[in-house]
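The values are calculated or read from the model by the stated rules, or taken from the named source; none is laboratory data. Not measured: the values here are computed from a predicted model. Reconstructed Cβ throughout: ideal geometry from the backbone, glycine too, with neighbour counts over all protein chains shown.
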Amino acid sequence: METALTFDDVLLRPKHSTVQSRSRVDLSTSVTPSITIDQPFVAAPMDTVTGPTLAQELANVGGLGIIPRHGRFENIRERADAVFNVDGPVGAAIGIDGVNTETARKLEEAGADVLCVDTAHGHLSKALDTVHDVSRATDVDIIAGNVATKEAAKDLARAGADTIKVGIGPGSSCTTREKTGVGVPQITATQRVSEALDSFKIMPDKKRPSIITDGGMRNSGDMAKALMAGADAVMNGRLFAECAEAPNDGQMYGLASDEIDGSGATEGDTRDLDGDREPVAERVEDWAESIRSTCSYCGGHNLHEARRNAEFVRVTSNAVDRNGVH
């Protein structure tokens, strides 16, 4: 039986570095093989997290917001309007309910730079079929997930996904693991997907898919570990929901599948949000400053170089107790 690790189970070993100032570290990244963003931060397609206002502010500082397919954006016209009103990189989510080829075309016409095939279990035949159909019906890059295994990542890439989204049950408002006993901790899941895609060749002219680690990150240190484990970008829900521009009144809910095949979703448990509702720009800059430091500690002038040099060490619970102020 394999041992699988999450964020608290590891730390990054400091390495010799020639970085003269962390301010010079480049955090630009390929959120898809053909789309580069200046900061490796993606806002989750959740109704209480990402609306056009937050997506616009995140685009302004170099990140990417994905307009959700639930709640106020369940109507395709409202979703398309939200996409149209963002000046800069923006994504939009679609489901796997069988009517999404036409939906995808409308979102492409509205200006979506990327489409996110969004379902709790991305290794379903219906999810693979949707990726296949949408990739052939549009010219928009596709993010697909969520998955947590090598086999799932390869199957999605083979179906036409440009980016693989990793995460089964790690989110702060997600009860999947508690209710079903299913999941793979995020450090191991990210590493395994990265290994699979590094060695996987679809066709000579097809670039290696990018990776987004989605969920379970409570702070910039967790994000840094995900990026060093193989992610090209990190997706967060709660941490963006706490921002001033998020479309909520101080509460958020997670999404849980209401059908055995994962094609539908319902509101999960509602939770009160902590935080002082700081602007997206301030929160993102705090994260970026910390992750530039991570790259410097790992001896990298950019994310790619730092990831190549990164080395994890396993730690005990005693070490975790001594993280932060104590």
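For segment 62-92, filtered to residues that are over 18 Å from the mean Cα position of the chain (by Cα) and charged (D, E, K, R), the residue that is nearest to residue 26 (Cα to Cα) is 87.
If I filter segment 266-280 for residues that are of a type in the set (Asp, Glu), modelled with pLDDT of 95 or more and either part of a loop (DSSP other than H, G, I, E, B) or closer than 17 Å to residue 26 by Cα (or both), do I get at least one hit? Checked segment 266-280: no residue is of a type in the set (Asp, Glu), modelled with pLDDT of 95 or more and either part of a loop (DSSP other than H, G, I, E, B) or closer than 17 Å to residue 26 by Cα (or both). Out of 19, 49, one residue alone is crowded, with 24+ Cβ neighbours inside 10 Å and not hydroxyl-bearing (Ser, Thr, Tyr). It is 49.
Counting the residues of segment 285-317 that are of a type outside the set (Ser, Thr, Tyr) and part of a helix (DSSP H, G or I) gives 15.
In segment 1-93, counting only strands (runs of 3 or more DSSP E) that sit wholly within it, the ones holding 3 or more residues that are under 19 Å from residue 142 (Cβ atoms) and at pLDDT 95 or above span 29-32, 35-37, 64-67. The helices (runs of 4 or more DSSP H) located wholly in segment 135-216 that include 3 or more residues which are of a type in the set (Ser, Thr, Tyr) occupy 186-198.
Within segment 248-260, one or more residues are part of a loop (DSSP other than H, G, I, E, B), modelled with pLDDT under 90 and touching an Asp or Glu at 6+ places or on another chain (Cβ under 9 Å). Checked against the criterion of being closer than 28 Å to residue 199 by Cβ and free of Cβ contacts under 8 Å to residues at least 12 places away in the same chain, the candidates 125, 135 yield just one match: 125.
Taking the criterion of being at pLDDT 95 or above, part of a helix (DSSP H, G or I) and of a type outside the set (A, V, I, L, M, F, W, C), the residues of segment 217-247 that qualify are 220, 221, 222, 225. What residue, of 138, 163, 176, 130, is more than 18 Å from the chain's Cα centre (by Cα), surrounded by 21 or more Cβ atoms within 10 Å (Cβ to Cβ) and not aliphatic (A, V, I, L, M)? None of the other options fit; the residue is 130. Of all residues in segment 94-134, those that are out of contact with any helix residue (DSSP H, G or I) (no Cβ under 8 Å at 6 or more places or on another chain), within 22 Å of residue 33 (Cα to Cα), of a type in the set (A, V, I, L, M) and part of a loop (DSSP other than H, G, I, E, B) total 0.
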